[in-house]
Structure formats: structure tokens, C-alpha cells
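The block underneath contains the structure these notes are about, expressed in C-alpha cells.
The values are calculated or read from the model by the stated rules, or taken from the named source; none is laboratory data. It should be emphasised that the depicted structure is a prediction, and the values quoted were computed from it without experimental measurement. Here the Cβ is made from the backbone with ideal geometry for all residues, glycine too, and neighbour counts use every protein chain on show. We work out accessible area using only protein heavy atoms, side chains counted, and drop any ligands, DNA or RNA first. Shrake-Rupley method; radii C 1.70, N 1.55, O 1.52, S 1.80 Å.
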Amino acid sequence: PAMTVEQAHDHLAALFPPEDYGPAHLNLIRLGREVCHARKPDCPRCPLRDLCPYPAQSNEIE
Ligand code: SF4
């Protein structure tokens with residue numbers, strides 16, 4: 001893919017305004033633990049799928 005998961009993380013982080021970043025960051029940490037695994041992100045069941053630039057560029061969607 002043109003964008004790695006790590007770059008997608010940075011991209012998503014940039015979407016949140018600074019005042020929301022703290023709570024958003026906690027949720028992103030949780031997302032990373034439960035859904036967005038670096039090796040194999042579970043994009044089909046991810047709540048951020050519409051926001052995230054990764055799935056459209058990935059062929060791993062089943
Ligand atoms: S859509 Fe996929 S790559 Fe994007 S945040 Fe969700 S699990 Fe991660």
C-alpha cells in the first residue's frame with residue numbers, strides 16, 4: 001500500500017483538533033490494541049474505516 005499503518009496512525013492523529021487529541025489518543029491506543037494491529041489490522045470491523053486512508057489502499061480486506 002502507498003500508506004503504511006504507521007502513516008495511517010499519524011494521518012488519523014492529525015484529523016483530531018488538539019483539544020480532542022487526549023481522549024482521541026486514548027481511544028486510538030485502545031483501537032490499536034483491539035482492532036488496528038500493526039501486523040494485521042482488522043479493518044472490516046473497525047469503527048474508523050470510513051475515516052482511515054488505509055483500507056482503500058490495502059488488498060487485505062476480505
Ligand atoms: S481501518 Fe484498518 S488500518 Fe484504519 S484504523 Fe481501522 S483497523 Fe486500522
* Extreme residue, nearest to VAL5 (Cα to Cα), among residues of segment 43-62 that are at pLDDT 75 or above and open to solvent by less than 50 Å² (accessible area, probe 1.4 Å) -> TYR54
* Which residues, counting only those in segment 23-39, are over 18 Å from PRO55 (Cβ atoms) and surrounded by fewer than 10 Cβ atoms within 10 Å (Cβ to Cβ)? -> ARG33
* To do: Please enumerate the residues belonging to segment 3-21 that are more than 13 Å from the ligand (Cβ to nearest atom) and loosely packed, with under 10 Cβ neighbours inside 10 Å.
  => ALA14, PRO17, PRO18, GLU19
* Asked: Got a number for residues in segment 16-35 being of a type in the set (Phe, Trp, Tyr) and within 13 Å of the chain's Cα centre (by Cα)?
  -> 1
